[in-house]
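To keep things clear, I will list the structure first and then write my remarks on it.
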């Protein structure tokens, strides 16, 4: 799996977004790598809307929950091993099992909470989106960043390049 970067472009309206989608497809960017975010209900069905994973901090929340839950599970497992309930003899594998269960529980709980939190990467675009602009997120291999950025700059001067997210690890 190649590491990808998520490029952000702010577009003035839905028509510009349609044109940009066509440009990205002609540049051989798969449609599943292109996502649009606009005011609720303003995107037509032919434009691929950003998913919950892209709109919220669910991924970051799950990652944080894995770490915190894993640490808590490890500490809980150590307590159970060193101070066994009812004189039961437990193996050190109990610590590993507790750490895994803690990480899973932490990921689940944190991702549930984070699903209600807007993606922190997108907060800076919210005012423009509220004013009717459309955000295009496109995931490209690192080697194509300059090519795609230049294509957008040259063919769509109305688009505002708004940087990129350091790493996108989804396939």
Inter-site label distance for residue 153 and residue 67 at 7 Å from Cα along Cβ, in nm: 3.5
For residue 60 and residue 146, what does the FRET efficiency come to when R0 = 30 Å and r is the distance between their Cβ atoms, rounded to the nearest 0.05? 0.60
In range of the label at residue 117: residues from segment 35-65 whose backbone nitrogen is under 19 Å from the point 7 Å along Cα→Cβ: 51-65
Euclidean distance of C-alpha centroids, segment 76-119 and segment 26-65, integer Å: 32
Along its principal axes, what span do the Cα atoms of the chain show, with the longest given first and each in whole Å? 73, 33, 24
Calculated SAXS-style log₁₀ I(q)/I(0) at q = 0.14, 0.15, 0.22 Å⁻¹ - segment 53-154, Debye, Cα scatterers: -0.72, -0.76, -1.04
Residue order, fewest to most surrounding Cβ atoms within 10 angstrom, among 82, 36: 82, 36
Looking at the chain only, what percent of DSSP beta bridges run antiparallel? Nearest 5 please. 95
Per GNM of the chain with C-alpha springs under 10 angstrom, the most fluctuating residue out of 42, 89, 16 is 89
For segment 58-114, rounded, prolate or oblate, judged on the Cα gyration tensor with a ≥ b ≥ c (square roots of eigenvalues), a/c < 1.5 rounded, else prolate if a/b > b/c? prolate
Spin-label pair residue 88/residue 32, simplified geometry with 7 Å Cα→Cβ offset, distance in nm: 4.4
Relative to the longest principal Cα axis of the chain, at what angle does helix 145-155 sit, 0 to 90 degrees, rounded to 10? 30
In deg cm²/dmol and to the nearest 500, what is the mean residue ellipticity at 222 nm of the chain if only DSSP H runs of at least 4 residues count, each as -39500 (n - 2.57), divided by the residue total? -15000 deg cm²/dmol
On Cα atoms only, tilt of 58-82 relative to the major axis of the chain in degrees: 10
Identify which of 125, 83, 105 has the largest mean-square fluctuation in a Gaussian network model of the chain, with springs joining Cα atoms closer than 10 Å. 83
In Å³ and rounded to a whole number, note down the convex hull volume per residue for the Cα atoms of segment 1-91. 168
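Computed from the coordinates by the stated procedures, all read-outs in this text should not be read as laboratory data. None of these values were measured; they are calculated from a predicted model. When we count neighbours, we look across all protein chains shown, and the Cβ atoms used for this are built from the backbone with ideal geometry, even at glycine.
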